[in-house]
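Beneath this line is the structure, given in structure tokens, with notes to follow.
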Amino acid sequence: MEKKNPEDSFQVKIDAEEKIEPKDWMPDEYRRNLIRQISQHAHSEVIGMQPEGNWITRAPSLRAKAVLLAKIQDEGGHGLYLYSACETLGISRDELIEQLHSGKAKYSSIFNYPTLTWADIGAVGWLVDGAAIVNQVSLQRTSYGPYSRAMIRICKEESFHQRQGYEIMANMAKGTAEQKQMAQDALNRWWWPSLMMFGPHDTESAHSAKSMKWKIKRESNDELRQRFIDKTVQQAEVIGLSIPDPDLKWNEQRKHYDFGKINWEEFTNVLNGNGPCNKQRMANHIQAHQNGKWVREAAIAYAEKQKNKKVPA
Amino acid sequence: MSKEKQWPLWEVFIQSKTGLPYKHAGSVHAPDAEMALQNARDTYTRRGEGNSIWVVPSDAIIASNPADAESFYEPSNDKIYRHPTFYVMPEGAKHI
């Protein structure tokens, strides 16, 4: 029998919808692509804790504060599921953190925008988590087993996040004129960055073709973006807020909403480090990591001391 | 920057209800077993998913190699008489 080239048998497996597991053979580029995507995803979860953390001490009620704390704890947990999945590819946690700090690894540029009012916490949950869910539901079928399992777990938890955000927006939208204005203002500021979360148009996306062939990604950036828009427009109508896009219009032929042009210049600019909060987000993460160093070291020293004690004299 | 010593990695297995098997959930880093359990609880059971947790040092797990699957499982493949459908039952016999 003719010996098959490993990349061919790999593709046969992918095409048959079989999951790839950590010890299976995989092309180096598949591994690299996964590490890039999963680590970016993990970093986004963790950096995403910062804009929301901004409002913990100023949450308008005890209920709102407890909910926000639980949500932010979830985001940290999601980061950990994803780091854990990423580490199965043979990269260590400290390398991942180092890549974040050096700027080699990216995180979602949406988290470089500030949360100015309480309504922003609503908008982040409704739109940012809403967009993330559309992406993550699709990624539940990604070809790499550990990534897929992390996505399934995350999706189960995310829907609370989106609902709590939408609840905040709904309550503010039916409050005083001033509160409704705050909600509308938050929607105005978060709408376009949320659409950018899906990444560049398919024709411009650097990693898309290979990722689709290997089924790391299951649907294209534009397909996912369209799905998010289609489901969100109605939700805005229900609470009486308007989407800040004059070109937004139902297209009966396509059975989708048409929408206006996305400002990709802004996207690239924020991605390249020039968004309103890039420096602050990174400085906070580096500082927290450095400040925790002595704790990590002390815990290791304690564990070693306990281990040595157990050796009988 | 001096290389910081890393917390060891632990694999986490969760039993969702008594009577059910433990299932792999993911991994955590922790300096010792006690903290591994606590980190596993905080990471993987925030919504009552767990009745009981096992943590196992990752390097203590010995795994078979998927590339060897064919030869590794071959010895049992030709023993179809291990399946109940192998046996011919007389017509009309019930509850068997």
Check: If you add up the charges near residue A:87, with Lys and Arg at +1 and Asp and Glu at -1, over every other residue whose beta carbon is less than 12 angstrom from its beta carbon, what do you get?
Finding: -2
Next item on the list: Sort out for me the Cα centre separation of the range A:155-189 from the range A:62-137, rounded to whole Å.
Entry: 19
Notebook entry, point to check: What do you get when you divide the Cα radius of gyration of chain A by 2.2 N^0.38 Å, with N the number of residues?
Noted result: 1.10
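State, to one decimal in nm², a quarter of the convex hull surface area for the C-alpha atoms of the range A:259-305, i.e. the direction-averaged projected area. Before the final figure, lay out the partial values.
Values: hull surface 21.2 nm².
That works out to 5.3 nm², a quarter of the Cα hull's surface.
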Checklist line | Per-residue [θ]222 nm for chain A (sum of -39500 (n - 2.57) over DSSP H runs n ≥ 4, rounded to 500) | finding: -20500 deg cm²/dmol
Check: Over all pairs of distinct alpha carbons, what does the Kirkwood formula give as the hydrodynamic radius of the range A:150-236, in Å?
Finding: 15.2
Next item on the list: Using label points projected 7 Å from each Cα along Cα→Cβ, tell me how many nm separate residue B:6 and residue B:58, to one decimal.
Entry: 0.6
Item checked: DSSP-assigned coil residues among trypsin sites (Lys or Arg not before Pro) in the range B:10-62, each with at most 16 further Cβ atoms within 10 Å -> B:17, B:46, B:47
Item checked: Residues along the range B:24-45 losing 30 Å² or more of accessible surface when the other protein chains are present rather than the chain by itself (probe 1.4 Å) -> B:27, B:29, B:31, B:32, B:43, B:44
Next item on the list: Run the numbers on chain A and let me know its relative contact order in percent, using alpha-carbon pairs under 8 Å that are six or more apart.
Entry: 18
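How much area per residue is accessible in chain A when the probe is 1.4 Å and only protein heavy atoms are counted (Å²)? Please list the in-between numbers first.
On the way: 15610 Å² over 313 residues.
With the other protein chains kept in place, chain A gives 50 Å² per residue.
Carbon and sulfur together cover what percent of the accessible area of chain A at a 1.4 Å probe radius? List each step's numbers first, then the result.
On the way: 8570 of 15610 Å².
For chain A, the apolar C and S fraction of the accessible surface comes to 55 percent.
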Item checked: FRET efficiency for residue B:69 and residue A:287, using Cβ-Cβ distance with R0 set to 45 Å, rounded to 0.05 -> 0.40
Margin query: Need the full-extension length gain, residue A:280 to residue A:192, defined as separation in residues times 0.36 nm minus the C-alpha distance. One decimal, nm.
Written below: 29.5 nm
Checklist line | GNM result for chain A, Cα springs below 10 Å: residue of A:147, A:81, A:30 fluctuating most strongly | finding: A:30
Check: How much accessible area does residue B:45 have with a 1.4 Å probe, in Å² rounded to the nearest 10?
Finding: 30
Item checked: Diffusion constant of the range A:7-143 at 25 °C, which comes from Stokes-Einstein with the Kirkwood Cα-pair radius and 0.890 mPa s, µm²/s -> 148
Notebook entry, point to check: Gaussian network model of chain A, Cα springs within a sub-10 Å range: biggest mean-square fluctuation belongs to which of A:71, A:23, A:279?
Noted result: A:23
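Restrict the search to the range A:1-70; then list the GluC sites (Glu not before Pro) that DSSP places in a loop and that have at most 13 other Cβ atoms within 10 Å of their Cβ.
Details: sites: A:2, A:7, A:17, A:18, A:29, A:45, A:52; in loops: A:2, A:17, A:18.
Sparse-neighbourhood loop GluC sites (Glu not before Pro): A:2, A:17, A:18.
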Margin query: Whole angstrom only: what separates the Cα centroid of the range B:18-84 from the Cα centroid of the range A:260-281?
Written below: 42
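Rounded to the nearest 0.05, what FRET efficiency do residue A:298 and residue A:5 give with R0 = 60 Å and r taken as the Cβ-Cβ distance? Could you check?
For residue A:298 and residue A:5, the calculated efficiency is 0.70.
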Check: In nm, to one decimal, how far is the modelled label at residue A:204 from the one at residue A:70, with both set 7 Å along Cα→Cβ?
Finding: 4.0
Notebook entry, point to check: For residue A:136, what charge total do you get from the other residues with a beta carbon under 15 Å from its beta carbon, if Lys and Arg give +1 and Asp and Glu give -1?
Noted result: +1
Next item on the list: Report the label-to-label distance for residue A:31 and residue B:77 in nanometres (one decimal), using points 7 Å from each Cα along the Cα→Cβ vector.
Entry: 2.7
Next item on the list: Have a look at A:115, A:142, A:57 and tell me which one the Gaussian network model of chain A (Cα, springs below 10 Å) gives the largest fluctuation.
Entry: A:57
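The values are calculated or read from the model by the stated rules, or taken from the named source; none is laboratory data. Keep in mind that this is a model prediction, so the values were computed, not measured. For neighbour counting, all protein chains shown are included, and Cβ atoms are generated from backbone atoms with ideal geometry for every residue, glycine included. Calculation scope for accessible area: heavy atoms of the full protein, side chains included, ligands and nucleic acids excluded. Shrake-Rupley method; radii C 1.70, N 1.55, O 1.52, S 1.80 Å.
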